[in-house]
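I have placed the structure first, in the form of C-alpha cells, so that the comments after it can refer back to it.
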Amino acid sequence: MLSQQDLKQQAADAAVALIRPLLVADAVIGVGTGSTADLFIDGLGRFRGQFRAAVASSERSAARLRGLGIEVLDLNEVASLSVYVDGADEINAKLQMVKGGGGALTREKIVASAARQFICIADASKLVDQFGKFPLPIEVLPIAREVVARAVRKLGGQPVLRAGFVTDNGNQVLDVSGLTILDACLLESTLNSVPGVVTNGLFALRPADVALLATQQGVRQL
Ligand code: 5RP
C-alpha cells in the first residue's frame, strides 16, 4: 500500500516526465507551491542547466528552486511560460480546482494565467464530485477582512481567519466552509467582485489542462 507521500511523489515524477520535452534552452517553467509542488521542484532539479529558468508562485518555492541551482525569474521579466505545474486541494472532472491550502493562491493564479499549459499534480484523493469539503481560501486585504467576511456569510459561508498567517503579498486569508458550490465559475467571479478580495481559491474560469492523479494502481491522466 503506497502512502500519500509516495502517491505525491508519483504524480510529481509523472509531471517531470510529461514536461521533459519542454525543458529546452530558452524554456521558463512555472512552478507552484505545496508539498507535491516541492517534489516536482526536486525532480526539476535533475534537469538544471537544460532549461533557462523558473517562475515561482511563492517565496517558499523560489527558495527551494534556488537551493537546487535553478534561476528564478520575476514574472514581469517573462513574456510567457511553456507550462505551469502545481498541486491542488480539490479537483473535479472538469479539472476545475480549489487551491490555496498553502496560502499562495493569488500568485498561483497569476503565474498560471501566463502559462500555455496548466498541469495539476495530486494524489487521487483530491478528485471530488463536488467542491466544499476543503474550506475555500480567500486572500483579503487586512483592512477589508470583516467586510469580506460579512459578504461571505450572506452567500452562506462560514469564514475563519487563518490565524498567524500572512501571505507573500502581506495579506490575510479567510478559510470559508459551508458554501454550496454548484457553479464554480459563477462563485469565483462573485467572490472576486467583493471589494477587498484579492483572489479566491477557486480555479474554475481557468481550469487545468491536464491532471496527473496518482492512485494505488498508477498515475491516471485526465
Ligand atoms: C498552495 C496550494 C497547493 O497546491 C495545495 O494546497 C496542495 O498542496 P499539497 O501538494 O501540499 O497537498 O494551492 O497554495
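A few points about this structure:
- Applying the Karplus relation 6.51 cos²θ - 1.76 cosθ + 1.60 with θ = phi - 60° to region 158-175 yields 3J(HN,Hα) values of 10, x, 10, 5, 6, 5, x, 10, 10, 6, 4, 9, x, 10, 10, 10, 9, 9 Hz, where x marks Gly and Pro.
- For the pair ALA93 and ASP129 in one chain, pulling the backbone fully straight at 0.36 nm per residue adds 12.2 nm over the alpha carbon distance.
- Near ALA211, the amide H atoms lying under 5 Å from its own belong to CYS120, LEU222; only residues 5 or more places off or on other chains count, and H is placed 1.01 Å from N.
- In plain terms, the C-alpha convex hull of region 68-222 casts an average shadow of 10.3 nm² when viewed from every direction.
- Backbone geometry of region 211-222 corresponds, through the Karplus equation with coefficients 6.51, -1.76 and 1.60 at θ = phi - 60°, to 3J(HN,Hα) couplings of 10, 10, 10, 7, 10, 5, 9, x, 8, 9, 9, 10 Hz, x marking Gly and Pro.
- Long-range amide H partners of LEU179 with built H, under 5 Å: GLN158
- Each stretch of four or more DSSP H residues adds -39500 (n - 2.57); spread over every residue of the chain, this sum gives -8500 deg cm²/dmol at 222 nm.
- Charge dipole of the chain about the Cα centre (unit charges at C-beta), most positive-ward option of LEU23, ALA104, ALA93: ALA93
- Within the listed set ALA14, ALA211, ALA27, the Gaussian network model of the chain (springs between alpha-carbon atoms below 10 Å) gives the highest mean-square fluctuation for ALA27.
- Expected-Rg normalisation [2.2 N^0.38 Å, Cα atoms] applied to region 1-149: 1.05
- With distances taken between every two different alpha-carbon atoms, region 136-201 has a Kirkwood hydrodynamic radius of 11.6 Å.
- Span from the region 119-137 Cα centroid across to the region 51-98 one, whole angstrom: 19
- Accessible solvent surface per residue of region 65-222, calculated while the other protein chains remain in place, 1.4 angstrom probe, Å²: 45
- Cut-off 17 Å (backbone N to label point 7 Å along Cα→Cβ of SER113), residues of region 184-208: 185-208
- At least 30 Å along the helix axis (C-alpha) and Kyte average at least 1.0, DSSP helices within the chain: none
- Modelled FRET efficiency - R0 22 Å, ASP183 with GLU146, Cβ distances, 0.05 increments: 0.25
- Note on THR190 and THR215: the model spin-label points, each 7 Å out from Cα along the C-beta direction, lie 3.3 nm apart.
The values are calculated or read from the model by the stated rules, or taken from the named source; none is laboratory data. None of the values given here were measured: they were computed from a predicted structure. A quick note on method: Cβ atoms are made from the backbone with ideal geometry, for glycine too, and the neighbour counts reach across all protein chains shown. For the accessible areas, the whole protein counts, side chains as well, though only heavy atoms, and no ligand, DNA or RNA atoms are used. Shrake-Rupley method; radii C 1.70, N 1.55, O 1.52, S 1.80 Å.
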